[in-house]
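I have placed the structure first, in the form of structure tokens, so that the comments after it can refer back to it.
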Amino acid sequence: MNPVRNSKKNANMLNVVRNPMAAEHSTKREISNGMKQKYDFDIVVIGGGIVGLASAYKIAHNHSGISIAVLEKEDELAAHQTGHNSGVIHSGLYYKPGSNKAKTCAKGRKELVAFSKEHGIRYEICGKIIVATREKELANFEQVFRNGLENEIEGIEKIGPNEIKEIEPFCHGIAGIRVPCTGIIDFSEVAKKLAELIEDKGANKVLKSHKVLAFESQDYFTNVVTNKGSLAARYIINCAGLQCDKVAKMAGVEAKMRIVPFRGDYYELTEEAKEKVKSLIYPVPDPAFPFLGVHFTRKIDGSVECGPNAVFSFKREGYGKTDFSFRDSWDALSYRGTWKMFFKNWKYGLSEYTRAFSMKLFFRQLQRLIPSLAADDIKPGNAGVRAQAVGVNGEPIDDFRIERRENSIHVLNAPSPAATASLAIGDYVNEMAAEQFNL
Ligand SMILES: Cc1cc2nc3c(=O)[nH]c(=O)nc-3n(C[C@H](O)[C@H](O)[C@H](O)COP(=O)(O)OP(=O)(O)OC[C@H]3O[C@@H](n4cnc5c(N)ncnc54)[C@H](O)[C@@H]3O)c2cc1C
């Protein structure tokens, strides 16, 4: 019996019809079980972000006889986290040695660079500097450097104030770490190339505007019910990013975590001020929340972003400061873990919130790294929403989390640096699928 929970009730309410795309394009395979049950795809991947696409790509390229459909609810691929991030190819410096993040970031980074070179995707290994501006940051600074050595990040070195100035003439600091292997890229371009390569193989499809609404379990396959009808699949892989807990729940998986969305607002340097940043300038991270702390990022299109902050978002896919969804807010705020996290970290939360609504405070934070920055050097920029998985105890889940069930795999936590690590995460999902689904 297929363990993907029978959502017949939902499916019936949705008035399920066969998906015309499935009928047109799928392989219509048969399971030789005597009953000759037909299905459309061996594997359906939910989510056309970089993790879903990299996973599908790796499976397609390692198992030639397998048919895969990637379903994306939006009209475009990479519409959420993958298309709303800083575009940094992270080195892997910060992550706990031995963690999945540390292992897959370094491996994924090298593979991403080779992939981009091979497929003509724009990228640049411009390096970054981490800059301490005050004595009290030096203990964390040393810890970050030791961590980098332990993670064997190539070429990292400590630098002094003069070398900081040589690399970034407008930056001021008392000590720095140079990380030469950090780079920049547009992850949406990577996602689109992956989709192309997936469709190049066999009967694979990447179907946009297909929102997965429910799963209807049959004996030998699962009907994946979408807004455009249903597709029959033997196995499902959930890479739904900000919605991954909801998709897991639809499949009957008790994930013991929930996605709590955090919005990050960016500012952008004006055309005239752009010369103040050559590549990437980061502050010393707080080990408890390494993703906090505003930084300067030169992007592959030449613009320079500064930010982001991190504030609770009342809408999972809401990019405006006042965006609100009752359903999403209820999901997050009716969860005990969210409140435990808020109570434990209220000081961080408060300071992030004040900066979200005060350009002056945000600006002051930026000025620590570039003292000559003037208020009219910055203008409001883009925003992104992070899918932060939070456990019932209120602890943010730090490492990547991928769980398997009999006929399904669920990527339940893939925060930064998952875009950098995506090809290595894809390898991991591929290996898990090969074992679990007997590919
Ligand atoms: C502000 C910010 C800055 C970041 N900076 C960096 C960085 O510089 N470097 C880095 O490596 N990482 C960075 N990250 C992290 C990185 O962007 C994410 O880890 C990565 O994009 C996750 O990819 P994903 O495919 O899991 O999720 P997503 O890109 O969110 O994709 C999930 C997809 O699933 C789709 N989906 C959801 N539900 C359904 C459904 N029911 N049916 C069909 N489709 C569905 C969504 O529409 C979405 O397209 C950053 C993230 C944020 C938010």
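The values are calculated or read from the model by the stated rules, or taken from the named source; none is laboratory data. Values in this document were obtained by computation on a predicted structure and should not be read as measured data. With ideal geometry, Cβ positions are generated from the backbone for all residues, glycine too; neighbour counts draw on all protein chains shown. Note: accessible area is taken over every heavy atom of the protein model, side chains too, but ligands, DNA and RNA are not part of it. Shrake-Rupley method; radii C 1.70, N 1.55, O 1.52, S 1.80 Å.
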Thr82, sole failed condition from (1) assigned to a loop (DSSP other than H, G, I, E, B); (2) within 20 Å of Ile397 (Cα to Cα)
(1)
Failed item in (1) within 13 Å of the ligand (Cβ to nearest atom); (2) at pLDDT 95 or above, with Asn100 passing the rest
(2)
Leading residue by the ranking (modelled with the lowest pLDDT) among those in the stretch 267-305 that are outside any loop (DSSP other than H, G, I, E, B) and within 18 Å of Gln388 (Cβ to Cβ):
Phe289
Give the residue that is surrounded by the fewest Cβ atoms within 10 Å (Cβ to Cβ), with candidates limited to residues of the stretch 398-423 that are within 11 Å of the ligand (Cβ to nearest atom) and small (Gly, Ala, Ser).
Ser416
Single unsatisfied condition, Glu395 versus (1) at pLDDT below 90; (2) touching an Asp or Glu at 6+ places or on another chain (Cβ under 7 Å); (3) open to solvent by 50 Å² or more (accessible area, probe 1.4 Å)
(2)
Pick from the stretch 236-266, criterion assigned to a strand (DSSP E or B) and within 14 Å of Val224 (Cα to Cα), ranking: nearest to the ligand (Cβ to nearest atom):
Asn238
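For (1) open to solvent by 10 Å² or more (accessible area, probe 1.4 Å); (2) more than 30 Å from Arg336 (Cα to Cα); (3) assigned by TED's automatic domain parsing to the domain that holds Phe342, each residue gets a yes or a no:
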residue	(1), (2), (3)
Ala251	no, no, no
Tyr266	yes, no, yes
Ala273	no, yes, yes
Lys276	yes, yes, yes
Tyr282	yes, yes, yes
Phe296	no, yes, yes
Within the stretch 52-69, does at least one residue satisfy the condition of being part of a loop (DSSP other than H, G, I, E, B), within 9 Å of the ligand (Cβ to nearest atom), surrounded by fewer than 24 Cβ atoms within 10 Å (Cβ to Cβ) and not aliphatic (A, V, I, L, M)?
no
Only one residue in Ala375, Ala387 is more than 28 Å from Met341 (Cβ to Cβ) and not assigned by TED's automatic domain parsing to the domain that holds Gly52, so which one is that?
Ala375
